[in-house]
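The values are calculated or read from the model by the stated rules, or taken from the named source; none is laboratory data. Computed from a predicted model, the values in this text were never measured in an experiment. Here the Cβ positions follow ideal geometry from the backbone for every residue, glycine too, while neighbour counts run over all protein chains shown. Each accessible area value is taken on the protein alone, full model and side chains, heavy atoms only, with ligands, DNA and RNA left out. Shrake-Rupley method; radii C 1.70, N 1.55, O 1.52, S 1.80 Å.
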Amino acid sequence: MKEAVFHRLTRLLCVKSLVTLSLTAVFAVLALRGEVGQDFMTVYTVIIAFYFGTQLERTAQKGTGAG
């Protein structure tokens, strides 16, 4: 149990996750203020798509490699 929590925290602290989490926090603040610009929205969308796309690809590779 402790090992699983440690592994999750380790993965959370990778650079890609930190960038995504910090950008999401900035997006939330800007959205609450009503100051989200088109340029920021474009960059945010690309980064979020990349983050979840790489996670999906990793999950798919693990699923096909196990069989």
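For Leu21, the solvent-accessible surface computed with a 1.4 Å probe is close to 90 Å², ligands and nucleic acids excluded.
Estimate the FRET efficiency between Val46 and Leu12 by the formula 1/(1 + (r/R0)^6), using the beta-carbon distance for r and 35 Å for R0, to the nearest 0.05. Here the calculated transfer efficiency is 0.95. With both labels modelled 7 Å from their Cα along Cα-to-Cβ, the Met1 to Arg33 distance reads 4.3 nm. Output the 0 to 90 degree angle, nearest 10, between the alpha-carbon long axis of helix 2-12 and the longest principal axis computed from the alpha carbons of the chain. Between helix and principal axis, roughly 40 degrees. Only helices enter this figure: runs of n ≥ 4 DSSP H residues, each worth -39500 (n - 2.57), summed and divided by the residues of the chain, yield -29500 deg cm²/dmol at 222 nm to the nearest 500.
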